[in-house]
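A.B. asks: Handing you this structure, nothing more for now.
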Amino acid sequence: AAAPVLNTAESERIFAEAQDLLPGGVNSPVRAFKSVGGQPIVFDKVKGAYAFDADGNKYVDYVGSWGPAIVGHANDEVNDALKAAIEKGSSFGAPCELENTMAKAVIERVPSVEMVRFVSSGTEACLSVLRLMRAYTGNEKIIKFSGCYHGHADSFLVQAGSGVATLGLPDSPGVPASATATTLCATYNDLDEVKAIFEANKGEIAGVILEPVVGNSGFIPPKKEFLEGLREITAKEGALLCFDEVMTGFRIAKGCAQEYFGITPDLTTMGKVIGGGLPVGAYGGKKEIMQTVAPAGPMYQAGTLSGNPLAMTAGIKTLEILARPGAYEHLERITNKLINGIMDAAREAGHEVTGSNISGMFGFYFNANPVNNFEEAATSDAEKFGRWHRGMLEQGVYLAPSMYEAGFTSLAHTDEDIEFTIAAAKEVFKTL
Ligand code: PMP
């Protein structure tokens with residue numbers, strides 16, 4: 001069947017107007033569809049597993065607001081809790097018991113977290129944890145991995161040089177070289193490289209930060225020995241290990257990636273799911289380390305809207321829903337069915353693909369070889385991905401508009417949604 005023609009007149013009108021009002025027409029770059037090309041879709045509303053655009057088109061949504069919508073968009077229970085909470089005020093700027101409830105929910109679930117500080121975004125969580133790693137150890141250098149995103153703080157805006165451990169150069173104008181001079185970049189899943197960096201910077205590393213499953217270079221699972229090795233070497237060298245679980249947190253398991261892989265870092269950053277669709281980030285870890293944060297200790301970090309009652313309410317309800325029996329089993333089952341269905345359809349149509357999922361996080365590449373790091377991800381067929389993305393939109397499936405993004409499912413995605421998506425994929429793969 002020919003692809004239905006997608007009417008995007010309203011999306012076009014609104015996005016054209018936005019060009020004059022917002023840089024690039026958006027408030028966060030990937031939304032502009034730069035890497036896939038074509039008209040970005042302007043949303044009107046979201047519900048359950050679906051997004052509805054300004055022209056009234058309906059899509060099965062696998063972006064889920066980039067992760068938060070894990071219990072389904074506009075979940076009735078979350079909405080009801082928010083409606084009740086808003087009557088008591090949307091911001092206190094003073095302690096409230098909801099913060100304790102939320103903190104207990106996090107501490108109870110996440111193995112590394114004994115104490116937690118709430119902030120308002122993943123970026124804020126990561127930049128704060130960076131300061132904390134430095135404050136606690138007295139060292140300035142950090143190790144990150146190419147293709148891992150930790151928000152847009154200056155020190156993190158560094159990509160790796162190819163293969164070798166090099167001092168970082170900034171990725172963006174406006175980032176002073178001094179801010180990234182202490183950022184050392186390594187290749188994901190390459191433990192030897194990390195060992196070499198430690199060797200070359202003896203006693204100078206504050207910590208290692210990574211996505212325990214990479215979702216910002218497409219979807220890349222870690223090798224078990226890689227995570228184990230990082231735990232070992234950081235402990236041996238007196239450096240801190242931080243899992244950036246902004247994306248994986250409460251998504252791949254109730255106790256995050258650290259529970260899934262059985263490796264406990266010293267520090268953890270969280271975001272996305274933890275706010276249930278409202279702006280929340282968090283960082284936490286061993287009490288002894290967290291006591292460095294003001295006013296318990298000397299490391300300054302603050303926030304006018306941090307721990308605000310609406311954000312806490314949405315987060316508490318979301319974590320509560322996810323803790324019910326069968327939640328993660330549902331995510332694993334439907335997402336596995338989805339990714340296998342998509343890859344089978346691709347291969348039937350003669351395309352070379354590699355991909356997988358862990359719980360409700362998935363991805364595949366147009367690539368004949370396995371992908372273990374950003375450098376390998378970058379050898380995938382980006383042009384084909386663009387045509388795949390557009391084709392799926394026309395079939396009523398909304399995927400992340402970049403081959404460097406992971407996909408997300410939710411508790412609201414049904415077997416019918418998955419079957420609809422696989423049928424759509426079959427149609428699109430035939431045309432690529
Ligand atoms: N860390 C990771 C692993 C992320 O995926 C993201 C956002 N995609 C961030 C940090 C930054 O979070 P935010 O966009 O909420 O600032």
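A.B. asks: Within region 233-243, is even one residue within 12 Å of the ligand (Cβ to nearest atom) and not assigned by TED's automatic domain parsing to the domain that holds E375?
C.D. replies: yes
A.B. asks: Enumerate the pairs (first residue in region 304-331 and touching a residue at least 24 places away in the same chain (Cβ under 8 Å); second residue anywhere and basic (K, R)) with beta-carbon separation below 6 Å, excluding pairs fewer than 6 apart on the same chain, so at least 6 apart or on different chains.
C.D. replies: none
A.B. asks: Restricting attention to helices (runs of 4 or more DSSP H) lying wholly within region 163-270, give those where 2 or more residues are free of Cβ contacts under 8 Å to residues at least 40 places away in the same chain.
C.D. replies: Result: 177-180, 191-200, 224-237.
A.B. asks: I need a count of the residues in region 359-400 that are closer than 19 Å to A69 by Cβ and either without any contact (Cβ under 8 Å) to a residue 40 or more places away in the chain or out of contact with any helix residue (DSSP H, G or I) (no Cβ under 6 Å at 6 or more places or on another chain) (or both).
C.D. replies: 7
A.B. asks: Also, I was wondering about something else. Which of the residues spanning region 129-141 are surrounded by fewer than 24 Cβ atoms within 10 Å (Cβ to Cβ) and out of contact with any Ser or Thr (no Cβ under 6 Å at 6 or more places or on another chain)?
C.D. replies: R131, R134, T137, G138, N139
A.B. asks: What strands (runs of 3 or more DSSP E), lying completely within region 33-140, carry at least 2 residues that are in the same structural domain as A206 (by TED's automatic domain parsing), farther than 30 Å from V5 by Cα and within 19 Å of the chain's Cα centre (by Cα)?
C.D. replies: Ranges flagged: 115-119.
The values are calculated or read from the model by the stated rules, or taken from the named source; none is laboratory data. Only a predicted model underlies this, so the values are computations on that prediction, with no experimental measurement involved. Cβ coordinates were reconstructed from backbone atoms using ideal geometry, including for glycine residues, and neighbour counts include every protein chain displayed.
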